[in-house]
Amino acid sequence: MRPVYMVSGGITKFSKASPNKDFRYMVKESFDSAMADVPDLTLDRIDGSVASYFSDHFTRQLMAGIMVHDYLGLTPKPSRRIESGGATGGMCFQSAWEAIASGRMDVVAAFGFETMSHVNTWKGNEFIALASDTNFDYPVGGFYTGYYAMMVKRHMHEFGTTVEQLAAVSVKNHKNAMHNPYAQFPAELTIQDVLNSEMVSDPLKRLDICVMSDGAATAILASEEMAYKLTDKPIRITGVGTGTDAMRLADRPSREVILLPHENPEDYKNLKYPGVHSFRGGRVAAKEAYKMAKIENPLEELDFVELHDAFTSSEIQTYEDLGLCKYGDGGKFVESGAADLNGKVPVNPSGGLLACGHPVGATGLMQSVFAFWQLQGNVSKHFGGDGALQLKNPKRGLIHSHAGTGTYITVSIMERGF
Amino acid sequence: MAEKNISSTKLEEVEQGCVLYNLDPIIMKYHYEVDYIHSYAQDSPFFAGLAKGELKGSRCTKCGSTFGTPRSHCMNCGAPTEWMDLPLNGKIHTFTTCYFGGQEFLDETPFTLIMVEWPGVDTFFLSRLVGVAPEDVQIGMEVKARFRRLSQFKPTDVYFVKADV
Ligand SMILES: [Zn+2]
């Protein structure tokens, strides 16, 4: 496998609706902003693209990927579309990585989008719920917030996680987004604001849940030789991992915890795993990525994490899957401030999905762009001179993309290459 | 039906349209729906069972794994499974009450979803709990299956109530 680098990235401001720009135009905007950052990269040096979008229902257009590729001026070069639910963006990023690692291509544009504003919120929830088993799960009350609510109820039962701990995630991420001009929903909130927000699916309230968005993002990946030609600040992708689990939440087994290098079997003597309280796929993805990136103790060796916080509960569950703390300690982890902007390992310094929005196909790529700017030390440059979210000298970050009830999960490790 | 005049040089005008919200850009709303022919295929006996008041899971013929949902092949070893009758009494593994939902279910809110667990069955079953106030639902609560008299051949043909009612 050849080393792979990210050389540039671009995003649109995520918004509730974007009637003045269709999906092609939005991607073009993110693509052009990525291209503008690497002036030596001309269209003819791009070998192909990978398209990321989740739902044909939202687009009401099959083969929308080629329409974007065409619009960007990349035909007749190779392109493909990736779809893996909420993890589509992360999977697209890894697909582009594969094209370069294998030697097939030297420069690849990974682009993603979603336009969710074309139906009302409750129809949108129905479209998203079609990504649950339509014979057995959808007809019973197809609603993703309901599925996540059941998972966190069990997490609370097993480990004593509290609604205040869930709310702390919301407060942290919305607050970080106050300094992110791309975010859809920055806010200064209190724990009480979150607890007082409307109950959606017990215990998850309105402010525990990300919003629907229109948006696009582009990441440009390159081989080592091309990367150093194009930029003096390339970011190396040193590890990729992907995990899966059964589509139906009901089909999750009760087994032993899959251990990371720094964990012991004694840590989890009586824990049935994953059940419905944890994401086995997230653990598998982390394990594979850590092995490739030679990470032994993620808490000590990662400088920040951008993870898929579609719900406050899934951020807490994901701390544990990623091994930032032990299974069961996720609630205490956020409470301790360890995930704060100035904490031990800042989690979602960008504001995450909760505050940035979640235009599904763009989301995983958005994370890669924020991580890229963070590692380049360029946050201020891209955030209109506001450097409040720039971490001090970060060398290694993790991005995490997540689908379904933990059905597809990707973890990628990014490191400063200069 | 009027005869088509193939020599006409004018495209026929029609009185169909959509709701126009805005002109710059042009934003419109129109309706779309389809008739869809669906087969439950190998899972059909599960739905037929619900119509007879039976709840069917799967047991692996090779490794003995048991599943609270229909799976014609074992997710652990790949061998074919056989149907097994699940107990009609079980316990709540986890639950939630939904106050919102997808559009199709909005007018059914609030409704309570549960995962049912059985001793000796390796996985769970998703269903609705009926007749228990949201604040009274608890993990570990004993529940029993009830079946709709008029089958709709949907997983909601079975639902659960408190075991002691
Ligand atoms: Zn088996």
* Name the one entry in A:E164, A:E188 that is away from chain B (no Cβ under 14 Å), surrounded by fewer than 20 Cβ atoms within 10 Å (Cβ to Cβ) and closer than 23 Å to B:Y99 by Cα. => A:E164
* Got a number for residues in region A:240-291 being closer than 29 Å to A:I100 by Cβ and of a type in the set (F, W, Y)? -> 2
* What is the residue count in region B:44-84 for residues that are within 7 Å of the ligand (Cβ to nearest atom) and crowded, with 17+ Cβ neighbours inside 10 Å? -> 3
* Go through region A:17-41 and give me each residue that's open to solvent by 60 Å² or more (accessible area, probe 1.4 Å), part of a loop (DSSP other than H, G, I, E, B) and away from chain B (no Cβ under 14 Å). => A:P39, A:D40
* **Flag if B:F124 is over 20 Å from A:V276 (Cβ atoms), within 9 Å of another protein chain (Cβ to nearest Cβ) and of a type outside the set (V, I, T)** => no
* **Filter result for B:A41 (more than 12 Å from chain A (Cβ to nearest Cβ), more than 16 Å from the ligand (Cβ to nearest atom) and open to solvent by 10 Å² or more (accessible area, probe 1.4 Å))** => no
* Positions within region B:85-110 being part of a strand (DSSP E or B) and buried (at least 21 other Cβ atoms within 10 Å of the Cβ), in sequence order -> B:G90, B:I92, B:H93, B:T94, B:F95, B:T96, B:T97, B:C98
* To do: Filter region A:204-222 down to residues that are modelled with pLDDT of 95 or more and either surrounded by fewer than 21 Cβ atoms within 10 Å (Cβ to Cβ) or out of contact with any helix residue (DSSP H, G or I) (no Cβ under 7 Å at 6 or more places or on another chain) (or both), then give me how many there are.
  => 1
* Applying the selection to region B:118-165, what residues are open to solvent by less than 10 Å² (accessible area, probe 1.4 Å), polar (S, T, N, Q) and more than 17 Å from the chain's Cα centre (by Cα)? -> B:T123
* In region A:88-143, what residues are charged (D, E, K, R), away from chain B (no Cβ under 14 Å) and buried (at least 18 other Cβ atoms within 10 Å of the Cβ)? -> A:D106, A:E114
* Just checking, how many residues over region B:69-84 are assigned to a loop (DSSP other than H, G, I, E, B) and at negative phi? -> 9
* Counting just the residues of region B:1-38 that are acidic (D, E) and within 13 Å of chain A (Cβ to nearest Cβ), which one comes out surrounded by the most Cβ atoms within 10 Å (Cβ to Cβ)? -> B:D24
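Residue-wise test of (1) closer than 19 Å to A:S401 by Cα; (2) small (G, A, S).
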site	(1), (2)
A:D245	yes, no
A:E256	no, no
A:P261	no, no
A:V284	yes, no
A:A293	yes, yes
A:L302	yes, no
A:S313	yes, yes
A:Y319	yes, no
* Quick one: what pairs do we get from region B:78-91, first residue of a type outside the set (F, W, Y), second open to solvent by 80 Å² or more (accessible area, probe 1.4 Å) and more than 16 Å from the ligand (Cβ to nearest atom), C-beta under 9 Å, 6+ apart or different chains? -> B:P87/B:P119; B:L88/B:R146; B:N89/B:E142; B:G90/B:P119; B:G90/B:E142; B:K91/B:P119; B:K91/B:E142
* So which residues in region A:309-350 are more than 15 Å from the chain's Cα centre (by Cα) and at positive phi, if there are any at all? -> A:G323, A:G328, A:G337
* Kindly provide the set of residues from region A:243-293 that are open to solvent by less than 20 Å² (accessible area, probe 1.4 Å) and farther than 22 Å from A:H157 by Cβ, ordered by number. => A:G243, A:L260, A:E263, A:A285, A:A286, A:A289, A:Y290, A:A293
* To do: Report yes if A:T115 is within 18 Å of A:G357 (Cβ to Cβ) and touching an Asp or Glu at 6+ places or on another chain (Cβ under 7 Å), otherwise no.
  => yes
* Asked: Quick check, is B:L126 under 19 Å from A:M151 (Cβ atoms) and more than 16 Å from the ligand (Cβ to nearest atom)?
  -> yes
* Asked: If you go through region A:257-274 one residue at a time, do you hit one that is within 20 Å of A:T88 (Cβ to Cβ) and within 14 Å of chain B (Cβ to nearest Cβ)?
  -> no
* Asked: Could you say whether any residue in region B:15-27 is charged (D, E, K, R), within 16 Å of the ligand (Cβ to nearest atom) and part of a loop (DSSP other than H, G, I, E, B)?
  -> no
* **Residue under evaluation A:R255, criteria (1) in contact with a strand residue (DSSP E or B) (Cβ under 6 Å, 6 or more places away or on another chain); (2) at pLDDT 95 or above, criterion not met** => (2)
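The values are calculated or read from the model by the stated rules, or taken from the named source; none is laboratory data. Note that the structure is a prediction, hence the values are computed from the model and not measured. Using ideal geometry, Cβ is built from the backbone for each residue, glycine included, and neighbour counts are taken over all protein chains shown. All accessible areas refer to the heavy atoms of the entire protein, side chains included, with ligands and DNA or RNA removed. Shrake-Rupley method; radii C 1.70, N 1.55, O 1.52, S 1.80 Å.
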